[in-house]
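Below: the structure, in structure tokens.
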Amino acid sequence: MTSASQLTATRSENDSLGPVELPADVYYGAHTARAVANFPITGRTIGEIPELVTALAEVKQAAAKANGELGAIPSDVAEAIVAAATDVAGGELHSEFVVDVIQGGAGTSSNMNANEVLANRALEILGLPRGEYAKVHPIDHVNRGQSTNDVYPSALRIALYRTLGGLLDALAHLADTLREKSAEFADVITMGRTQMQDAVPMTLGLSFGSYAHAVEADLELLREVRENLLEVNLGGTAIGTELNTVRGYTALARQHLAEVTGLPVYTASNLMDATQDTGGFVTISGALKRTAMKLSKISNDLRLLSSGPQAGFGDIQLPAMQAGSSIMPGKVNPVIPEVVSQVAFVVAGNDLTITMAAEGGQLQLNAFEPVIFVKLYESITELTNAVRVLADRCVYGITADSDALEERVHRSAGLATVLSPLIGYSNAAKLAKEAVATGASIVDLVLREGLVEESVLRAELEPSKLVNPHGD
């Protein structure tokens, strides 16, 4: 049974502001405790973002290896820090990363949270009590040759690079699903529309193929901009001058970071610029917004094309996912496209936040990287989930009544455009107007007027000719 004294056991630590009382069993220290009190902002901790905690641990692991090899810290201390960081990178102690994701100080609280957890875990590995920092100090040893200003952005980039991998996979899956649907609907004739009015005939296959192409184009763009995240400023310390590092540290730390992460990270050519500039994050956010807007446009189209079922467009039928109303029996709503558009709105809002935060940087550092990261991470993860839902719970199950759509095409005044080279623009416009007014088929009206031989007319209205007039 746990005693009352065990439940209330504490330890005292000191930082530059004075003493802080902590629960005896926690791995974090004084700086982290102050940050928890200072930043009760979102209620979400950095420990709830495993990609970030893992990346922080990997940066610390690479730094400790470099410092140990260069003699900047004792070898046994370096080995203990590396072991501690390996544990955290492997998923342990994430619950000890307790500072809020949005914080003042340009990410210093996140860096110190990592320093303190790793120092105390390293002490434990060495058989020493937590808080006995003479042997392994959060700053003198774990943070040796580092600053928040190079550790934090380097970790953010690694975390975002990995997180984007999930979105790329999801977009590739959506593109494949759209391509499959394009092939399924290759011979289904329907009316294309411009400005919400009948335009010219096309196939549903062409429509879904165009959606697939749009997704593939953004997939390629995101792949390209993602590579920029592999540029890190580790070794630049406070403002990019490499102050307080030993000779050779920057190159060696980068080498170890590449080995630890399995990523081809490279050192920025200008460490000062890399420390103060957040333009790369703005580029990523812009690409995410572009993708989100395209996905919302596709979702809008799916909602329009499936509207009805009797009194709307009714070109396609979306799979029924849930009952749509508590008062209207049998009503089914396009809930999947609706949720995708809502995620797109979030991404657009996040992009504005990221833009303002990037603009707000001053001189040699941008203090607003925490909110930049949080909003980028939110955009990426929510888009990833939305894209998979769109593919699996909507696009995959879309159906169409090909006979009804073909009949609608043949009754559409939009066929006048197809026939105008044969019968002249004025005749085509006159018959189109009559078709709309009377509901008559424009095909019947052309035959009635004797403007074209029936065999020629039928040939011109062959589905393959309508959607591929040159036979390419």
Practice problem: From the list 466, 445, pick out the single residue that is surrounded by 16 or more Cβ atoms within 10 Å (Cβ to Cβ), touching a strand residue (DSSP E or B) at 6+ places or on another chain (Cβ under 7 Å) and either on the phi < 0 side of the Ramachandran plot or part of a helix (DSSP H, G or I) (or both). | Solution: 466
Quiz prompt | Condition check for residue 287: of a type in the set (A, V, I, L, M, F, W, C) and in a loop (DSSP other than H, G, I, E, B) | solution = no
Quiz prompt | residue 96, sole failed condition from (1) touching a His at 6+ places or on another chain (Cβ under 9 Å); (2) acidic (Asp, Glu); (3) crowded, with 20+ Cβ neighbours inside 10 Å | solution = (1)
Practice problem: Return the pairs, sorted by first residue and then second, in which the second residue is modelled with pLDDT of 95 or more and charged (D, E, K, R), the first residue lies in segment 218-235 and is open to solvent by 20 Å² or more (accessible area, probe 1.4 Å), the beta carbons are less than 8 Å apart, and the residues are 6+ apart or on different chains. | Solution: 221/290; 231/157
Exercise. Can you tell me which residue among 155, 122, 159, 175 is touching an Asp or Glu at 6+ places or on another chain (Cβ under 6 Å), of a type in the set (A, V, I, L, M, F, W, C), open to solvent by less than 30 Å² (accessible area, probe 1.4 Å) and under 20 Å from residue 89 (Cα atoms)?
Key: 159
Quiz item: Which of the residues belonging to segment 326-342 are open to solvent by less than 40 Å² (accessible area, probe 1.4 Å) and either assigned to a helix (DSSP H, G or I) or over 14 Å from residue 312 (Cβ atoms) (or both)?
Solution: 335, 336, 337, 340, 341
Self-check item: Residue among 335, 387 that alone is on the phi < 0 side of the Ramachandran plot, touching a residue at least 60 places away in the same chain (Cβ under 8 Å) and β-branched (Val, Ile, Thr)
Solution: 387
Quiz item: Looking at (1) assigned to a helix (DSSP H, G or I); (2) in contact with an Asp or Glu (Cβ under 7 Å, 6 or more places away or on another chain); (3) of a type in the set (A, V, I, L, M, F, W, C), can you tell me which one residue 106 breaks?
Solution: (1)
Practice problem: Spot the failing condition for residue 136; the list is (1) open to solvent by less than 70 Å² (accessible area, probe 1.4 Å); (2) free of Cβ contacts under 8 Å to residues at least 60 places away in the same chain; (3) assigned to a helix (DSSP H, G or I); (4) within 30 Å of residue 254 (Cβ to Cβ), and only one is missed. | Solution: (3)
Practice problem: Residue by residue through segment 416-442, note down the ones that are over 15 Å from residue 461 (Cβ atoms) and either surrounded by fewer than 17 Cβ atoms within 10 Å (Cβ to Cβ) or without any contact (Cβ under 8 Å) to a residue 12 or more places away in the chain (or both). | Solution: 424, 425, 426, 429, 430, 433, 434, 436, 437, 438, 439, 440
Quiz item: Of all the residues that make up segment 7-29, how many are among the hydroxyl-bearing types (Ser, Thr, Tyr) and either more than 41 Å from the chain's Cα centre (by Cα) or surrounded by fewer than 19 Cβ atoms within 10 Å (Cβ to Cβ) (or both)?
Solution: 4
Quiz item: Does segment 49-72 contain any residue that is in a loop (DSSP other than H, G, I, E, B) and open to solvent by 40 Å² or more (accessible area, probe 1.4 Å)?
Solution: yes
Practice problem: Take the residues in segment 178-187 that are hydrophobic (A, V, I, L, M, F, W, C) and buried (at least 22 other Cβ atoms within 10 Å of the Cβ), then tell me which one is nearest to residue 400 (Cα to Cα). | Solution: 185
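The values are calculated or read from the model by the stated rules, or taken from the named source; none is laboratory data. Because the structure is a prediction, the values reported are computed rather than measured. Methodologically, a virtual Cβ is constructed for each residue, glycine included, from the backbone with ideal geometry; neighbour enumeration extends over all protein chains shown. The area values use the complete protein model at the heavy-atom level, side chains included, leaving out ligands, DNA and RNA. Shrake-Rupley method; radii C 1.70, N 1.55, O 1.52, S 1.80 Å.
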